[in-house]
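Encoded as structure tokens, the structure appears first; notes follow it.
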Amino acid sequence: MDVLAKFLQQLINGIHVGSIYALIALGYTMVYGIIKLINFAHGDIIMMGAYFTFVCIVTFNLPIGVALITPVILCLLSGILIERVAYKPLRNSPRLSALITAIGVSFLLENVFFKKFGQNPIPFPQIINPSPISLGPLQISRITFITVLISVLLMILLDLFIKKTKPGKAMRAVSEDPGAAQLMGINVNSTISLTFATGSALGAVGGILYSIAYPLIDPFMGVMPGLKAFVAAVLGGIGIIPGAMLGGFIMGIAESLTKGYISSQLADAVVFGILIVVLSLKPSGLLGKNVKEKV
Amino acid sequence: MALLETKDLGIAFGGLRAVGDFNIKIDEKELVGLIGPNGAGKTTVFNLLTGVYLPTEGAIYFNGENIVGKKPFEIVEKGITRTFQNIRLFKDLSVLENVKIAFHHKMKYSIAAGIFRLNAYWKEEKEIEEKAMELLKLFDMQDAAYTTAKNLPYGQQRKLEIARALAADPKLLLLDEPAAGMNPQETKELMETIHFIRDKFKIAILLIEHDMSLVMGICERIIVIDYGMIIATGTPEEIKRNKKVIGAYLGE
Amino acid sequence: MNSRLKANIINTTSIILIYIILVLLIRIGFINNYYEGILIEMGINIILAVSLNLATGYLGQLTLGHAGFMAIGAYTAAILSARMNLPDLPLLLVSIVLGGLLAAFFAFLMAIPVFRLRGDYLAILTLGFGEIIRVIILNMKITGGGKGLSGILPLTSFSTVYFITVITVTIFYTLINSRHGRAIISIREDEIAAEAVGISTKYYKTFAFTLAAFFAGVAGGLFAHHTLVLDPKDFNFIRSIEILIIVVLGGMGNLTGSVLAAIIITILPRLLMGFADWNMIIYSVLLIAMMLFKPGGLLEKREFSLNGLLSGKKKSQGNTPVKNEGSE
């Protein structure tokens, strides 16, 4: 029973982190789907979400509801701004130039926050009471419970938004074929902005949830979860929304099980090992379609 | 012995049989047309012959050797080269370089000889440069040698692709819709060029074409396929009168 | 024949002349230890950039794991040089070549899974391999793990880096302008067409990738014997990205551009030191601005040639253009 309980505990931890990765991965995959750009700055949106929350709560002492909504809106606006200023001018340029620009934006955000808040990690305020809920022999932290709940809820909302609403359908149309979408009367620019807004808002929520789980924040905190979330998106098939969710959960669970049973230092290697195995078997990710070039 | 012979060649994608029971023979220096309605499987035949697709059935004998399973580049070494329906040039390279690349497998100097610029490098590079220019001259493109390929007019791009395929020294040249997008004047010139190539290089040519005036005008023999199967072969005169062919084209 | 000889003489003379001037400046103390260190780092960055340019700019495959190969070379060379008994120069040369060979060997093994993929999937797979190499080094005893590897012999000098850099750039230049180089470039231009004119794309992809890894390993070996302390953190994916920045900034498939950009990217952070804690912010803004205003790279298609300069004109190299789609 003990063995099983430990396994379930690790599994739950994995689902906890995995749901955060999934939220972040959505931002990568949506942006990639629509403009084929690996948006390296997305990881820093996570960091910004965390710092904005910190400022709202600790510096301005805002009521908790406002303090959680404000950062999401700020990140959403930042996402739109970044796209307009740094990526839009390069839409018809070599793809790698846009990639390097994204990296530049990432460096810029990190260093602006570094200048403002310094290098030392600062403690993130306790928002959720960490006392556990008991489920038989299992102890589930309230944090885990709420994180998974919020993540799953947001994913369902996103799915409905993309499938049922007009702007959501426009997003799918633009990612399928921007030229044709434009001819059908879809405003491509505003659809791209909307994609960045949605992705960044989800990233901000991911950032807040991540900081609640690991309550020390620093200017470079977004790099590793960002990278892992991106790997999750590739694992599931980049550009495919359910793929990002699936990839996120797989990454989280794999990481947690490795930490629990093998070694926490090797967790990153295992995560990338899974990526290599999956891509060797399915070159375009778990849910990706294998498109053959027409000769 | 025929230069090229296929035996019951076929390929299925998933459950769909794109080409089947495909039996043809092409002799040396023959000029053969492959025609058929859109989607009949003509380009698929080319992809099978050049190793882009692996057939699910049958065999391809080239000079008596079964070449099924060989990689596209190995088939080029055996002596089959091709052009593409949607022109595939090395767009950002010069016209001359496009042709030079096709001489690659005819050149021998090693990587070390290239890096250290040994005598073999200078000798072969000079040879190739001359040969490439000669080839361009045949196509009246020597003045465009240093033009970037993507800046050529459309008709010239088609010509360059043929020149490149010839540089690889084929015994059988496959042309995939060489006249596509050309005006009647250009098509007429192209017909002359194709005839000229066959006589000058003494090679066999198999060409896919929709322009009937071109096919009927230059091909000695025509193969007609529909739904991946051969429905008729014969001289242009025979094909013109063939009921099945007329049916396939008019959609009976 | 004559012009070839003339070109060789001009190039060799200039290389030696620049070397003599720099050494004199070091001797009289005009270039102090600090600046000499920067020159050494410049050389290392040039080797890293031109080698990555072969894989990404000429072959057209975006790879994000170059730091992994650098790490293999660095650790291998450092560990070997501490255990071999040779005079300084041969010791350095033997250990960096062996480090490069091991890096090349791993690249050769990776080539099979990597080249089954295309575009960004390939890029991410190389990133994954790079990170795995780092984590493995972190968990090994002989590498010192997370504590790092110290006590490395100071074997890298300005002279060794200068000549190894010159040799590397020359090798890449002559390679690119040979039939093998044309084969590599043709794969970037159109893989299917390359195969259709008789080029084994598998062979040349593996070759270019392996050769690039070899030189990344050599650069790693020079780096190890220059910094004298190795930490796995030096080789994380940010490092790979820094090398990629140099390549893109200089222009994909442009060797001169890579050399120039490597020099700029090495100096830039130092020049910005004066701005204290604003330096990294300015660096990022400059990086974004450079890409926004020069998306094709600093030099775009132009290759710089000494002979051309001396005869009063810049030579445009036909076969080294900027490719529009970095990772198709």
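Data table
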{"read-out": "Lone unmet requirement of (1) in a loop (DSSP other than H, G, I, E, B); (2) more than 9 Å from every other protein chain (Cβ to nearest Cβ) for A:SER93", "value": "(2)"}
{"read-out": "Criterion (open to solvent by less than 10 Å² (accessible area, probe 1.4 Å) and either more than 17 Å from C:LEU244 (Cβ to Cβ) or not acidic (Asp, Glu) (or both)) met by exactly one of C:VAL50, C:VAL23", "value": "C:VAL50"}
{"read-out": "Selection from the range A:51-100 of residues that are closer than 22 Å to A:LEU23 by Cβ, β-branched (Val, Ile, Thr) and out of contact with any helix residue (DSSP H, G or I) (no Cβ under 6 Å at 6 or more places or on another chain)", "value": "A:VAL55, A:ILE64, A:VAL66, A:ILE69, A:ILE73"}
{"read-out": "Failed item in (1) free of Cβ contacts under 8 Å to residues at least 12 places away in the same chain; (2) within 11 Å of chain C (Cβ to nearest Cβ), with B:ILE80 passing the rest", "value": "(1)"}
{"read-out": "Output for the range B:3-59, where each listed residue is in contact with a Lys or Arg (Cβ under 8 Å, 6 or more places away or on another chain), in contact (Cβ under 8 Å) with a residue 40 or more places away in the chain and among the small types (Gly, Ala, Ser)", "value": "B:GLY10, B:GLY33, B:GLY36, B:GLY58, B:ALA59"}
{"read-out": "C:ILE31 vs. criteria among the β-branched types (Val, Ile, Thr) and not in a helix (DSSP H, G or I)", "value": "yes"}
{"read-out": "Residue match in the range A:102-110 (condition: touching a residue at least 40 places away in the same chain (Cβ under 8 Å), under 22 Å from A:PHE52 (Cβ atoms), within 9 Å of chain C (Cβ to nearest Cβ) and touching a Pro at 6+ places or on another chain (Cβ under 8 Å))", "value": "yes"}
{"read-out": "Residue check, A:VAL277 within 11 Å of chain C (Cβ to nearest Cβ) and buried (at least 20 other Cβ atoms within 10 Å of the Cβ)", "value": "no"}
{"read-out": "Residue pairs meeting the criteria (Cβ under 9 Å; at least 6 apart or on separate chains; first more than 14 Å from every other protein chain (Cβ to nearest Cβ), in the range B:142-158; second open to solvent by 60 Å² or more (accessible area, probe 1.4 Å) and at pLDDT 95 or above)", "value": "B:GLN142/B:GLU134"}
{"read-out": "Output for the range A:261-295, where each listed residue is of a type in the set (Gly, Ala, Ser), modelled with pLDDT under 90 and in a helix (DSSP H, G or I)", "value": "A:ALA267, A:ALA269, A:SER280"}
{"read-out": "Leading residue by the ranking (farthest from B:ALA12 (Cα to Cα)) among those in the range B:227-252 that are part of a helix (DSSP H, G or I) and acidic (Asp, Glu)", "value": "B:GLU237"}
{"read-out": "Tally, over the range A:102-145, of residues that are under 29 Å from A:ARG84 (Cβ atoms) and open to solvent by less than 30 Å² (accessible area, probe 1.4 Å)", "value": "10"}
{"read-out": "Some residue of the range C:6-14 being open to solvent by 10 Å² or more (accessible area, probe 1.4 Å) and either within 18 Å of C:ALA107 (Cα to Cα) or at pLDDT 95 or above (or both)", "value": "no"}
{"read-out": "Residue check for A:VAL148: open to solvent by less than 60 Å² (accessible area, probe 1.4 Å), touching a residue at least 40 places away in the same chain (Cβ under 8 Å) and either within 10 Å of another protein chain (Cβ to nearest Cβ) or of a type in the set (Gly, Ala, Ser) (or both)", "value": "no"}
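The values are calculated or read from the model by the stated rules, or taken from the named source; none is laboratory data. Small disclaimer: the values here were computed from a predicted structure and weren't measured. FYI the Cβ positions are ideal-geometry reconstructions off the backbone, even for glycines, and counts take in every protein chain you see. When the accessible area is computed, the model is the full protein with side chains, heavy atoms only, and any ligands, DNA or RNA have been set aside. Shrake-Rupley method; radii C 1.70, N 1.55, O 1.52, S 1.80 Å.
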